[in-house]
1. Specify which of the listed residues (Pro22, Pro7) is open to solvent by 40 Å² or more (accessible area, probe 1.4 Å) and within 19 Å of the chain's Cα centre (by Cα).
2. Quickly run through segment 187-205 and pick out the residues that are open to solvent by 20 Å² or more (accessible area, probe 1.4 Å), in contact with a helix residue (DSSP H, G or I) (Cβ under 6 Å, 6 or more places away or on another chain) and in a helix (DSSP H, G or I).
3. Find the residue count for segment 63-100, including only residues that are assigned to a helix (DSSP H, G or I), more than 27 Å from Ala226 (Cα to Cα) and open to solvent by 20 Å² or more (accessible area, probe 1.4 Å).
4. Select, from Ala167, Ala144, Ala211, Ala179, the only residue that is over 20 Å from the mean Cα position of the chain (by Cα) and of a type in the set (A, V, I, L, M).
5. Which of the strands (runs of 3 or more DSSP E) found entirely inside segment 125-177 contain at least 1 residues meeting this: within 26 Å of Gly61 (Cα to Cα) and hydrophobic (A, V, I, L, M, F, W, C)?
6. Go through segment 267-296 and give me each residue that's part of a helix (DSSP H, G or I) and at positive phi.
7. Going residue by residue through segment 125-133, is there one that turns out to be acidic (Asp, Glu) and crowded, with 22+ Cβ neighbours inside 10 Å?
8. Can you list residue pairs whose Cβ atoms sit under 8 Å apart, with the first residue in segment 144-167 being free of Cβ contacts under 8 Å to residues at least 12 places away in the same chain and the second being assigned to a helix (DSSP H, G or I) and exposed (fewer than 14 other Cβ atoms within 10 Å of the Cβ)? Count only pairs 6 or more apart in sequence or on different chains.
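The values are calculated or read from the model by the stated rules, or taken from the named source; none is laboratory data. Note that this is a predicted model, so its numbers are computed, not measured. In this analysis, Cβ positions are derived from the backbone assuming ideal geometry, glycine residues included, and neighbour counts consider all displayed protein chains. Please note that ligands, DNA and RNA were not included when accessible areas were found on the heavy atoms of the full protein model with its side chains. Shrake-Rupley method; radii C 1.70, N 1.55, O 1.52, S 1.80 Å.
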Amino acid sequence: MTSETDPVFEAALAVLGDHCQPHSLAAWEAGDMPQALWRDLDETGLLSLLLPEDAGGIGAGADTFAGILRLAGRLAAPGPLAETCVGRWLTHAAGLPVPAGAMSLSLDGNEAPGGADTETLGVLTDGGLVLLPAAGSTQRRNLAGEVRLSPAASNLRPTALPAEQAARARALVSLGRAAMMLGALDRVLVLSLAHANTRVQFGRPIGKFHAVQQNMAVLAGGVAAAAAVVAAAARDVDAGGPGLLLAAARARLGEISVEAAGIAHQVHGAIGTTREYELHFHTRRLSAWRAEQGTPRAARRLLARRFAGAPAGVLWETLLATG
């Protein structure tokens, strides 16, 4: 994924780092959308990250997009950031006026991330793209307190899209959500390491105990593996690949998110569930996102169907081509 010395990443870090603080998480979950954050994201061009430069955007690829969304997940940035970036690119690709402000993007009429200030809800189906007012959608909150929008029925005719553009939009949405999960895992790991090194029991930090060290090694290894497969999936999206690595990323993230939450809360003990401590904000997000992304078993079945009955050597050749 994009280097942390990349100018776009540095701009995102400056904006997100300024606004996204642990003490803000409870207020955001209660529905207090940070308008200043979204204003600054828009003014710096980060919401138009995927738009081509001649349309007023940055023209970033999937790799940079994934890096920014990983950062957003790490800092628990609220609202439909991935969907706004993809939605703006898609509306431009469809020849439609690019909506201002936050935008949500539903795939095939399913629920989509939103926020209190989301103005537009795009619905991408096999027939094309429809833009609806977000105010007319059904809203609920998931386990993490995030707004989820379900589009209302519409008689509007979809704007047709080339198949490759629709496929890329779907892949980018999936990649963005995977990168957000990876960012949340980054933060869970950092919090757990810090607590293990400072919490003293029986005269020494609990991180000195072998059982805790083993668990932290499992957590760190799982996050590293997830980072590798998400980075490979980003490269595959830019290459127009068949989506196998995105399925692999969903499977890996779904597995490690459950394991990570268990280890992190075991290391933290009771403090990890207190309202004042930030860990549970991230682990509840991971649980909610895992359910929305689909189970690891479903992703593994997709991969298995791809290679079941294939000639000998196809799996190995595919692994080499995507490595």
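1. Just one listed residue meets the conditions, Pro22.
2. Arg187, Leu189, His195, Asn197
3. Residues meeting the conditions: 2.
4. It is Ala211.
5. Once the strands (runs of 3 or more DSSP E) in segment 125-177 are filtered for at least 1 residues that are within 26 Å of Gly61 (Cα to Cα) and hydrophobic (A, V, I, L, M, F, W, C), what remains is 128-133.
6. Correct list: Gly269 only.
7. For segment 125-133, residues acidic (Asp, Glu) and crowded, with 22+ Cβ neighbours inside 10 Å: absent.
8. Correct list of pairs: empty, since none qualify.
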